[in-house]
Structure formats: C-alpha cells, structure tokens
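So the structure is just underneath, and the comments pick up after that.
The values are calculated or read from the model by the stated rules, or taken from the named source; none is laboratory data. Predicted, not measured: the structure shown is a model, and the values here were computed from it. Cβ placement follows ideal geometry from the backbone for every residue including glycine, while neighbour counts extend to all protein chains displayed.
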Amino acid sequence: MTPSPARRDLVGRTVLITGANAGIGYWCAELLAARGARVLLGCRSTHRAEVAAKTLRAGVLGADVGTLPVDLGSLAVIRDAAARVDERLDAVICNAGVKAADPADRTEDGLDLMVGTNALGHFALLARLGHALAPDARVVAVGSLAHRFARIDPATLSQPWSGPSLRRYGRSKAALMSLTFELDRRWRGSGRSALCAHPGYAVDPLTPYRDGLAAVSGPVRAAAALSRGLVQGKDAGAEPIVHAVVARDAAGGEYWGPGGLLEFRGAPARVQASAEVRSSAIATELWSIAEELTGVRFAV
C-alpha cells in the first residue's frame, strides 16, 4: 500500500481524468489521489473503470475515487456524460487516446478515429463541461513527442488520412495541443487556464505492478531495466502531467515534459512545442472546424 504522504495538499479538489483505467491516466490518478484529491476516472469501459478504482482504493489509503463512463469516440455519449457531472471540477486531464488504428477506422460519427477521439472528442467534452468547471479550473492536455512528426491541416481534418501510424497519432496530438493553447488564449483573464504536458518515453516494463494494469513478465522487466537510463516507467511519465495540473509554477499556455535528454525521461520541466501547434492563425481555423465537425459551440 502507498503510504499516506506528508503532503495532502489537494484535499477538497476534484480532477477528471479521461482514459484513467490504465497507463499514464491511471498513474495520474494515483499520484493525485495520494495527495488527497478526489479523482474521477473517465473511461469508455465501465468494468475497467471499476477495476482501476478498486486498485486505487487498495493502493492509496483513503483514496477518494469516482467514475464517469465516457466514450470520446461518440458525440452523443460525450453529451450525456458531461450532463451527468454534478460536482465542481478543479481540473481536467485530457489523456484518453487511440494510439493505433486502421486508416479506414472511424468514430461513431464518421470522423477519423484518431483525430475524432484524441482531439475532437476532448474538444466536445470540454465544451460541454462549462457548467462544472471551477472559476480557476485548469485543463491539461496530454501531448506527445510525436506531435513534431505531423502537420495540421484544419481543412482536411475530417478526411481519411492514411499516413504512417506514428504520424497519424502525432497529427491527432498536434490538433489537441493546438486547440488547448487556443483555449488558454480565449480564457486569458478569466481565471481559468489550459496547458499541455507529455510523459516522455514511458513504458510498461519499467512501471510498478498494479492489479488490473498491463501485465509484464519478470524476464521482460529484467531486460527493460537496462534501458532505465534512457526511458522511464509510466508512473514517472505521469509526473510532468500532474505537475502541470497542480504546481504553482505551471501556467496557462505552457508545455511541460521530462527535462532529460530528448525529453525521454527526467523531472518535470518546461519544454518546447512546435511552432505549428503554437500558431494562433492555425488554431483559430482549427477551432472553427472543430465546432463544425462536433456540432458543439464552445462558449468561453
């Protein structure tokens, strides 16, 4: 069991984390719960959410955990999920995402599966959560090193895209990051803020064991230990994201990640996003396209 930390500075704060039943999302939840925050696990699978919640309660003394069924590949489900949120959200971590898919795969609404889930799904969710966001709420979008491998073309966002899987994923993350930086610009002066963070190169074989998470054999863990100087576990990968959510020195419009070599591992540090995702001109066009494709007016 994780011992109660001396610092329980997040008691009374609530954080919604999408894709929280595994990987980086789960570890964000565990780190935040250990500091006293209430965590809402936003997951497509109710069963997996319940497994993750049970693991959290077993591992973190006094963990305050709730679940929110939400499938970011369905605009109707997003609408219904947001309507069920009846508590104040101090932060939202936009983490859920599709990492690999066939180019022909589409969301329930006919959008490219990666862009529709990773970027547009989060856009629609945040747009519908306005009633629940605290006056000083923070939104943190989980970006990726892969955002540097792809270009954003707002005009073709809804069209099938058949490039290499890594570049498709990077395109979806670049779109999410661009929309997040634009959200922060639109929120400027309101008390709310939005920023991005990434986990570096985080892998399961270097991640501590937890019931219900990815199982890794002893030999694989032993072999992976040789790479610890270059990469890190997903528990460590969650740290820059949690830092972006709660740290006093993190501010809207920033991008955080591991501060080590190539941003693969290391303590949280401010890092550089591509000029494209920083472009306000691209983001303004992307925002309009996102509202059109989702059918959701994002009032800020």
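The set of residues in region 29-47 that are out of contact with any Leu (no Cβ under 9 Å at 6 or more places or on another chain) and buried (at least 18 other Cβ atoms within 10 Å of the Cβ) contains only L31.
Among residues of region 85-100 that are more than 15 Å from D184 (Cα to Cα), those with a Cβ under 6 angstrom from a residue that is of a type in the set (S, T, Y) and surrounded by fewer than 21 Cβ atoms within 10 Å (Cβ to Cβ), sequence gap 6+ or separate chain, pair up as A100/S165.
If I ask for residues that are aliphatic (A, V, I, L, M) and either crowded, with 24+ Cβ neighbours inside 10 Å or within 19 Å of the chain's Cα centre (by Cα) (or both), which ones from region 151-185 would you list?
I152, L166, A174, A175, L176, M177, L179, L183
Output yes when any residue across region 182-191 is in contact with a strand residue (DSSP E or B) (Cβ under 6 Å, 6 or more places away or on another chain) and free of Cβ contacts under 8 Å to residues at least 60 places away in the same chain, and no when none is. Taking every residue of region 182-191 in turn, at least one turns out to be in contact with a strand residue (DSSP E or B) (Cβ under 6 Å, 6 or more places away or on another chain) and free of Cβ contacts under 8 Å to residues at least 60 places away in the same chain.
Working only within region 29-49, note down all residues that are of a type in the set (V, I, T) and not in a helix (DSSP H, G or I).
Scanning region 29-49 gives a single hit, V39.
Determine if region 165-187 includes at least one residue that is modelled with pLDDT under 95, closer than 30 Å to A58 by Cα and not β-branched (V, I, T). Taking every residue of region 165-187 in turn, none turns out to be modelled with pLDDT under 95, closer than 30 Å to A58 by Cα and not β-branched (V, I, T).
When region 124-141 is filtered for residues that are touching a strand residue (DSSP E or B) at 6+ places or on another chain (Cβ under 9 Å) and over 16 Å from D80 (Cβ atoms), the ones remaining, listed by number, are L133, A134, D136, A137, R138, V139, V140, A141. Against the conditions (1) in contact with a helix residue (DSSP H, G or I) (Cβ under 7 Å, 6 or more places away or on another chain); (2) over 20 Å from G257 (Cβ atoms), R186 satisfies every one except (1).
G62 fulfils the conditions (1) exposed (fewer than 15 other Cβ atoms within 10 Å of the Cβ); (2) part of a helix (DSSP H, G or I); (3) touching a Gly at 6+ places or on another chain (Cβ under 9 Å) except for a single criterion, (2).
Of the residues making up region 134-155, just one is of a type in the set (D, E, K, R), more than 18 Å from A29 (Cβ to Cβ) and at pLDDT 95 or above, namely D136. Every condition in (1) within 19 Å of the chain's Cα centre (by Cα); (2) more than 22 Å from A91 (Cα to Cα) holds for K234 except the one numbered (2).
Of all residue pairs spaced 6 or more apart or on separate chains, those with beta-carbon atoms under 9 Å, a first member in region 123-152 that is under 18 Å from S193 (Cβ atoms) and touching a residue at least 60 places away in the same chain (Cβ under 8 Å) and a second member that is of a type in the set (D, E, K, R) and part of a loop (DSSP other than H, G, I, E, B) are A127/R297; R138/R192. Residue check: A81 meets all listed conditions (1) part of a helix (DSSP H, G or I); (2) buried (at least 24 other Cβ atoms within 10 Å of the Cβ); (3) of a type in the set (G, A, S); (4) touching a strand residue (DSSP E or B) at 6+ places or on another chain (Cβ under 7 Å) but one, namely (2).
A single member of G66, G116, G97 is within 24 Å of P240 (Cβ to Cβ) and within 20 Å of the chain's Cα centre (by Cα), and it is G97. When D109, D102 are checked against the criterion of being farther than 21 Å from G233 by Cα and at pLDDT below 95, a single residue qualifies: D102.
Only one of the listed residues (S274, S280) is over 19 Å from the mean Cα position of the chain (by Cα) and of a type in the set (S, T, N, Q). That residue is S280.
Being crowded, with 22+ Cβ neighbours inside 10 Å, of a type in the set (A, V, I, L, M) and closer than 21 Å to G143 by Cβ, is that true of even one residue in region 249-270? No, region 249-270 contains no residue that is crowded, with 22+ Cβ neighbours inside 10 Å, of a type in the set (A, V, I, L, M) and closer than 21 Å to G143 by Cβ. Summed over region 11-28, residues that are part of a loop (DSSP other than H, G, I, E, B) and surrounded by fewer than 23 Cβ atoms within 10 Å (Cβ to Cβ) total 4.
Every listed requirement among (1) under 20 Å from the mean Cα position of the chain (by Cα); (2) outside any loop (DSSP other than H, G, I, E, B) is met by P135 save one, (1). For region 229-241, the criterion of being at pLDDT below 95, on the phi < 0 side of the Ramachandran plot and not small (G, A, S) is met by at least one residue.
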